[in-house]
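**Student:** Have a look at the structure that comes next, please.
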């Protein structure tokens, strides 16, 4: 999703009514691919490291029955620090950071290439440039979602099991390869794809919600700053970054409110095994969650997720725009 979100940022910037922001739309052909992926690996890994503790807290609150689920995010964070130290709030980070590198290359490349192909193909249709950009990004987001989900769902299963290992009723692992071994031995390869269906069914609308919130927020902010249809002035780089960051924060906050119940079900489906006979399913997982906490159980971990998505929206936009600016090929 981060990859799809990043490219859509360029589209939204370029099509905002009345704004001369075309220079912000750096396309795939203008980028030095090696530099782009190298710088992206460094900066996105750093971003991932800063936000990882909120993911650990959120995951533990979503999985554990009672106890942690009834505590605030900050209380859970302090509890993890007291019991496991700094290592506890960074459980699974090494696996996530290293494992995400090839997946990020796959997602970014498939997204940018499919975007360019879809944009060129749309020339055959009678539609405005803004509509062509929107359609091209929609197609690119769908293609990238399919490719990235195929890679990242197993990585999610592995990392989330490492985050909650040792908790009551859950296994302890010696590392990521031990997770793979135990899951495959018990359920076969499909055990690594727990939650794949719900991820595929929900990721596209979640992405659409994120970007509709982002676009609406950004448009409103530009208007409030005096950039309307009747102005030719260009925003400074500082204004551009500030507006993108603010809109990203608002979009992340709005999206977290809608998508937390789905994320809670998906997380529990991927890491929990105590559902009696048969393979865990979305229906079994939902029923178990409702029995434990009622409807409020669907919002377990909402505080950390709200914080995570708000910070992610801000840092992703700023980081991605910086990566693209640093990776532009020199003028010939």
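The values are calculated or read from the model by the stated rules, or taken from the named source; none is laboratory data. Every value quoted in this text rests on a predicted model; they were computed, and no experiment measured them. When we count neighbours, we look across all protein chains shown, and the Cβ atoms used for this are built from the backbone with ideal geometry, even at glycine.
**Student:** Among the numbered criteria (1) surrounded by fewer than 23 Cβ atoms within 10 Å (Cβ to Cβ); (2) closer than 30 Å to residue 190 by Cβ, which single criterion is violated by residue 270?
**Tutor:** (1)
**Student:** Between 280, 330, 261, which is surrounded by fewer than 21 Cβ atoms within 10 Å (Cβ to Cβ) and in a loop (DSSP other than H, G, I, E, B)?
**Tutor:** After ruling out the rest, the residue left standing is 330.
**Student:** Looking at (1) touching a residue at least 60 places away in the same chain (Cβ under 8 Å); (2) surrounded by fewer than 20 Cβ atoms within 10 Å (Cβ to Cβ), can you tell me which one residue 86 breaks?
**Tutor:** Tallying (1) touching a residue at least 60 places away in the same chain (Cβ under 8 Å); (2) surrounded by fewer than 20 Cβ atoms within 10 Å (Cβ to Cβ), residue 86 fails exactly one: (1).
**Student:** While we're here: Can you tell me which residue is modelled with the lowest pLDDT among those in the range 11-41 that are assigned to a loop (DSSP other than H, G, I, E, B) and under 9 Å from residue 327 (Cβ atoms)?
**Tutor:** So, considering only residues that are assigned to a loop (DSSP other than H, G, I, E, B) and under 9 Å from residue 327 (Cβ atoms), the one modelled with the lowest pLDDT is 26.
**Student:** Continuing with the same structure: Identify, by number, the condition in (1) buried (at least 20 other Cβ atoms within 10 Å of the Cβ); (2) more than 24 Å from residue 169 (Cα to Cα) that residue 60 doesn't meet.
**Tutor:** It fails just one condition, (2).
**Student:** Given the structure, is residue 103 in contact with a helix residue (DSSP H, G or I) (Cβ under 7 Å, 6 or more places away or on another chain), modelled with pLDDT of 85 or more and under 23 Å from residue 323 (Cα atoms)?
**Tutor:** Spelling it out, residue 103 is indeed in contact with a helix residue (DSSP H, G or I) (Cβ under 7 Å, 6 or more places away or on another chain), modelled with pLDDT of 85 or more and under 23 Å from residue 323 (Cα atoms).
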